[in-house]
1. Determine which member of the set 404, 334 is within 30 Å of residue 153 (Cβ to Cβ), under 19 Å from the mean Cα position of the chain (by Cα) and buried (at least 24 other Cβ atoms within 10 Å of the Cβ).
2. Going through 148, 97, 87, 127 one at a time, which residue ends up being over 21 Å from residue 335 (Cβ atoms) and crowded, with 22+ Cβ neighbours inside 10 Å?
3. Residue 31: closer than 23 Å to residue 186 by Cβ, surrounded by fewer than 17 Cβ atoms within 10 Å (Cβ to Cβ) and in contact with a strand residue (DSSP E or B) (Cβ under 7 Å, 6 or more places away or on another chain), yes or no?
4. Quick check, is residue 82 assigned to a strand (DSSP E or B) and either at positive phi or surrounded by fewer than 24 Cβ atoms within 10 Å (Cβ to Cβ) (or both)?
5. Of the numbered conditions (1) buried (at least 19 other Cβ atoms within 10 Å of the Cβ); (2) modelled with pLDDT of 95 or more, residue 108 fails exactly one; give the number of that condition.
6. Checking residue 419 against (1) over 30 Å from residue 39 (Cβ atoms); (2) outside any loop (DSSP other than H, G, I, E, B): exactly one of these is not met. Which one?
7. Determine, yes or no, whether residue 26 is crowded, with 17+ Cβ neighbours inside 10 Å, outside any strand (DSSP E or B), modelled with pLDDT of 95 or more and on the phi < 0 side of the Ramachandran plot.
8. What strands (runs of 3 or more DSSP E) lie completely within region 90-149 and have 2 or more residues being in contact with a strand residue (DSSP E or B) (Cβ under 9 Å, 6 or more places away or on another chain) and under 30 Å from residue 401 (Cα atoms)?
């Protein structure tokens with residue numbers, strides 16, 4: 001668990017290795033290797049809100065681009081297509097559960113996962129259903145005495161397990177993880193099962209694919225390399241485990257595969273660099289008990305990532321793992337950074353989108369969501385940090401889940417920003433998609 005929550009609980013008791021950056025993001029982290037790099041630059045100054053689009057619940061999903069439309073999921077159970085110029089709805093498709101998964105656009109289809117335990121393929125133009133595939137069912141990561149919550153023998157679902165796996169499409173296959181513990185390969189045209197690979201726990205990280213290998217982590221604390229054609233295991237890497245509190249373990253972060261190296265964060269408070277062929281550890285960067293939930297972005301020999309409790313924006317050398325720079329944010333960072341030209345965009349759980357200079361990490365501008373400015377329940381202090389005594393009131397039963405809900409109520413940004421046409425699109429837990437320029 002993130003460090004300050006642990007303290008409170010105790011106190012209370014088939015792609016290529018490197019691809020050119022995408023002109024506009026068509027799937028989570030831009031393309032199949034999940035480098036987190038876009039070709040188009042983000043604005044270096046904020047001018048105005050172009051429009052906002054309201055859904056019925058939190059937008060944890062990251063927006064993607066298709067033919068002048070922004071497509072994303074909402075926890076109200078729907079997938080939306082919105083005109084990028086006007087913010088008007090083009091179509092809506094309702095699933096049977098929340099959709100905190102990022103769409104993948106390929107073959108004229110939108111591929112999405114829902115908490116109803118199904119993977120959907122929709123027509124990207126009309127939003128009509130092409131096919132759906134039923135997994136063995138969704139669930140959150142859970143454990144007894146999770147994060148030190150009381151009573152100790154109670155099994156708790158992890159309130160911080162906020163994402164679903166986002167599909168990755170390569171060639172004629174769709175790859176996606178599931179809460180049933182499997183990684184699935186589906187036929188992109190029909191939804192037919194090609195193979196499934198079993199891990200020992202929930203898979204909500206998103207698979208990256210490079211050189212015919214699928215890389216994905218599980219809540220069992222292992223990162224897996226799987227043959228993209230056959231589903232056979234190539235190798236596995238064991239990260240840290242925490243059998244007592246199940247706090248410092250599990251992969252929420254999705255890998256980035258660049259130049260033969262797999263970069264991935266873990267809740268064991270490390271960022272890892274692994275050899276893509278063998279799984280051998282090249283280096284690790286320890287964050288000091290603070291989770292790495294978001295997925296790293298990699299460009300020009302730099303790895304950019306962020307942490308939870310310590311709220312730090314990190315840049316490390318891609319070859320050595322040695323620190324290049326760090327900057328202090330004001331609240332936890334679960335969003336994954338997007339590198340857009342000489343600007344890095346990242347969301348903060350205090351409801352703020354930050355734009356930082358790629359070279360120095362200096363803050364160029366930020367924008368606070370409507371809910372962040374409203375600051376319901378005084379969840380934020382005057383300097384925009386979390387007001388912990390107002391949010392984390394109890395470590396018993398549902399206390400931690402309620403605390404996280406209070407924090408998210410300020411319009412937390414879990415979503416990864418998209419840049420297209422000089423406009424930044426990002427979702428918020430206040431239920432809105434924002435278009436900023």
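The values are calculated or read from the model by the stated rules, or taken from the named source; none is laboratory data. What you are looking at is a predicted structure, and each value in this text was computed from that prediction instead of being measured. All Cβ positions, glycine included, derive from the backbone under ideal geometry; neighbour counts span all protein chains shown.
1. Being within 30 Å of residue 153 (Cβ to Cβ), under 19 Å from the mean Cα position of the chain (by Cα) and buried (at least 24 other Cβ atoms within 10 Å of the Cβ) holds for just one of 404, 334, which is 334.
2. On the way: 97 fails: crowded, with 22+ Cβ neighbours inside 10 Å; 87 fails: crowded, with 22+ Cβ neighbours inside 10 Å; 127 fails: crowded, with 22+ Cβ neighbours inside 10 Å.
Answer to the check: 148.
3. Criteria not met by residue 31.
4. On the way: assigned to a strand (DSSP E or B): yes; either at positive phi or surrounded by fewer than 24 Cβ atoms within 10 Å (Cβ to Cβ) (or both): yes.
Considered against the rule, which asks whether it is assigned to a strand (DSSP E or B) and either at positive phi or surrounded by fewer than 24 Cβ atoms within 10 Å (Cβ to Cβ) (or both), residue 82 comes out as yes.
5. Only one criterion is unmet by residue 108, namely (1).
6. Unmet for residue 419, out of (1) over 30 Å from residue 39 (Cβ atoms); (2) outside any loop (DSSP other than H, G, I, E, B): (1).
7. On the way: crowded, with 17+ Cβ neighbours inside 10 Å: yes; outside any strand (DSSP E or B): yes; modelled with pLDDT of 95 or more: no; on the phi < 0 side of the Ramachandran plot: yes.
The answer is no for residue 26.
8. Values: elements: 104-106, 109-113, 118-123, 129-134, 142-144.
Counting at least 2 such residues, we get 109-113, 118-123, 142-144.
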